[in-house]
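Visitor: Before we start, here is the structure in question, set down as structure tokens.
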Amino acid sequence: MAVTAVKSENLEHAVTLINKAATNGAQLIILPECFNSPYDTTCFPKYAESIPGPTSDILAQTANDNNVYIIGGSIPEIDNGEVYNTCPVFSPSGKLLTKHRKMHLVDINVPGKIRFREADSLSPGCDFTTFDTPYCKVGIGVCYDLRFPELAHIYGEMGCKFLVYPGAFNMTTGPSHMEPLLRARAVDNEVYVALVSGARNETASYVAWGHSTVVSPWGDVLATTEHLETIVYCDIDPDFVDKVRTHLPILSQKRTDMYSTVVKRK
Ligand SMILES: NC(=O)CC(=O)C(=O)O
């Protein structure tokens, strides 16, 4: 999705795209990171709103109108004076099922290329976020969360077969890192993984890499795109997760007598 600086335009446009995807048969629809605001630390406090709030009300109504799940990308959320980068999730009846506040905030400095520090205006989330669908359990991260294998592993342990990351990789990290990270999380945990990005806008302060992609539990790229706005469609087969796990039972072959991933806070 191409995102502009005008929130109302972004919301209207998101609804148009969701309606189109649903008309074409999508049952679970994912928006990109920061779909109602520029991805810019100076914008987050200005665009921030509560959840539930105006943006989440529109997504709830749109989910209900189309009878689809919506993973609402992310929006700057304000709560008790703190601003979070938050992904709200809606059921086909328009119920807010859960929300994921980006747990790992971007703090990168590649000299001469990119310096970006979300903590300049955001606070980190402290919750693991999953929800059930009739198809499978889904785990949510937001963009930089993809870089942390422990989170994906914990979601796998919680029973998720599909991990979804609304994201906005950039022109420095995206070309080298995004697809390998998606494929690694998929193969490590034998799950489907999707990252949904905003379209590239060369005039924005943060230029997104784009390339929204879905990867199978076997590590194959099932669907992807370039950097312009489009809708990427993909069929997910939760039974294929079981098949891969039977053929390559690595998850039960871990040497948990020697190491483990421990959840310290629920
Ligand atoms: N925008 C992000 O959260 C992540 C990113 O750009 C990167 O990990 O690189």
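Only the coordinates and a few stated rules stand behind these numbers; no lab work does. As the structure is a computational prediction, the values presented were derived from the model and not from experiment. Every residue, glycine among them, receives a Cβ derived from its backbone with ideal geometry; neighbour counts consider all protein chains shown.
Visitor: Normalised radius of gyration for region 1-81, please: alpha carbon Rg relative to 2.2 N^0.38 Å, two decimal places.
Guide: With N residues counted in region 1-81, Rg over 2.2 N^0.38 Å equals 1.07.
Visitor: Write down the percent of antiparallel bridges among all DSSP beta bridges whose residues are both part of the chain, to the nearest 5.
Guide: 65
Visitor: Moving on to the next point. Find, to one decimal place in angstroms, the Kirkwood hydrodynamic radius of region 7-252, where the mean of 1/r is taken over every pair of different Cα atoms and then inverted.
Guide: 17.9
Visitor: When the chain is fully extended, how far beyond the present Cα-Cα distance does Arg115 get from Ser252, taking 0.36 nm per residue of separation?
Guide: Gain on extension, Arg115 to Ser252, equals 45.3 nm.
Visitor: Projecting each Cα onto the charge dipole of the chain (Lys/Arg +1, Asp/Glu -1 at the beta carbon, about the Cα centre), which of Thr16, Val3, Val193 comes out farthest on the positive side?
Guide: Ranked along the dipole, the leading option is Val193.
Visitor: Give me the net charge for the shell around Ile250: Cβ to Cβ below 12 angstrom, other residues only, Lys and Arg +1, Asp and Glu -1.
Guide: For residues surrounding Ile250, the net value is +1.
Visitor: Which order results if Thr86, Thr246, Thr224, Thr203 are arranged by neighbouring Cβ count within 10 Å, fewest first?
Guide: Placing the least packed residue first, the sequence is Thr203, Thr246, Thr224, Thr86.
Visitor: Report, in cubic angstrom per residue, the convex hull volume of the C-alpha atoms of region 71-184.
Guide: 109
Visitor: Fewest to most neighbouring Cβ within 10 Å: what's the order for Ser252, Ser205, Ser56?
Guide: Ascending Cβ contact count within 10 Å gives the list Ser252, Ser205, Ser56.
Visitor: Still on this structure, I have one more. Under the Kirkwood approximation for Rh and a Cα-based Rg, what ratio Rg/Rh is obtained for region 151-208?
Guide: Here Rg/Rh amounts to 1.06.
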